[in-house]
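Okay, structure first, notes after.
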Amino acid sequence: MNHKERMLAGLPYKAWLDGLTEERLANKLKIHQYNQLSPDQPARREDLIRSILGDAGENINVEAPFHCDYGKNITVGKNFYTNYNCTILDVGRVVIGDNVMFAPNVSIYTAGHPVHPDSRNSGYEYGIAITIGDNVWLGGNVVVNPGVTIGSNVVVGAGSVVTKDIPGNVIAVGNPCRVVREITEEDRRFYFRDREFDVTDY
């Protein structure tokens, strides 16, 4: 098993071996092009972001700047939107469902390093896959750590650091992120806290 295979298997690996440096450089060049595109080039933006990501559904919108390591290890579903300055360290696989929204400065980190300094200084690192379900909204400056699974229909509050799995159909906030309550049918009436919708076409 070479180091690229070890990386994708969630095993300790060295990031400069077996062509990984070259793959990251090739992706960085695409990312640089993407982040420099004029906003009035939607077709070029669409083509380029689809060449960066491993797989993507219909109707995706990735605001620049966007950053990732390899790109090909990221899968997003339909109707994906990420606001400015999203960073995805995709040394492990990142799977994102349908109808997912990221606010500005969301960071998805599959990458990590050993805790003990001797182990860390050896150069070995790891990537543990992250999965995000359907209909998820991550607030501004949310960080998702390696190995986390976030269930469907979840809202994660701004500034949260998600270190453990979050079940579906809940609101979760904090550092470390914790579930504060379930999302219920009653929530359908409100658009923000106790402010009720004055429209019916939603």
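The values are calculated or read from the model by the stated rules, or taken from the named source; none is laboratory data. It should be emphasised that the depicted structure is a prediction, and the values quoted were computed from it without experimental measurement. As a convention, Cβ positions derive from the backbone with ideal geometry for all residues, glycine included, and neighbour counts pool all protein chains shown.
If you filter the stretch 4-23 down to residues that are under 20 Å from the mean Cα position of the chain (by Cα) and assigned to a loop (DSSP other than H, G, I, E, B), you find that the one that is surrounded by the most Cβ atoms within 10 Å (Cβ to Cβ) is Gly10. Within the stretch 24-68, the set of residues being touching a Gly at 6+ places or on another chain (Cβ under 9 Å), part of a helix (DSSP H, G or I) and either basic (Lys, Arg) or in contact (Cβ under 8 Å) with a residue 24 or more places away in the chain (or both) comprises Asn27, Lys30, Ile31, Ile52.
For Gly92, the conditions (1) touching a Lys or Arg at 6+ places or on another chain (Cβ under 9 Å); (2) in a loop (DSSP other than H, G, I, E, B); (3) in contact (Cβ under 8 Å) with a residue 60 or more places away in the chain are fulfilled apart from (1). Restricting attention to the stretch 105-135, the residues that are in contact (Cβ under 8 Å) with a residue 40 or more places away in the chain and closer than 30 Å to Ile183 by Cβ total 3. Regarding Arg189, is this residue in contact with a Phe, Trp or Tyr (Cβ under 7 Å, 6 or more places away or on another chain), over 26 Å from Ala9 (Cβ atoms) and either exposed (fewer than 12 other Cβ atoms within 10 Å of the Cβ) or at pLDDT 95 or above (or both)? Answer is yes for this residue.
Looking only at residues in the stretch 146-174 that are farther than 18 Å from Ala129 by Cβ, polar (S, T, N, Q) and within 18 Å of the chain's Cα centre (by Cα), the one that is surrounded by the fewest Cβ atoms within 10 Å (Cβ to Cβ) is Asn153.
Would it be correct to say that Leu48 is surrounded by 14 or more Cβ atoms within 10 Å (Cβ to Cβ) and touching a Lys or Arg at 6+ places or on another chain (Cβ under 7 Å)? Yes; evaluated as a whole, the condition is true for this residue.
Could you go through the stretch 106-123 and let me know if any residue there is in contact with a Cys (Cβ under 9 Å, 6 or more places away or on another chain), buried (at least 19 other Cβ atoms within 10 Å of the Cβ) and of a type in the set (Phe, Trp, Tyr). No, the stretch 106-123 contains no residue that is in contact with a Cys (Cβ under 9 Å, 6 or more places away or on another chain), buried (at least 19 other Cβ atoms within 10 Å of the Cβ) and of a type in the set (Phe, Trp, Tyr). Name every residue in the stretch 155-202 that is in a strand (DSSP E or B), of a type in the set (A, V, I, L, M, F, W, C) and over 12 Å from Val142 (Cβ atoms), in order of residue number. Correct list: Val170, Ile171, Val179, Val180, Phe190, Phe192.
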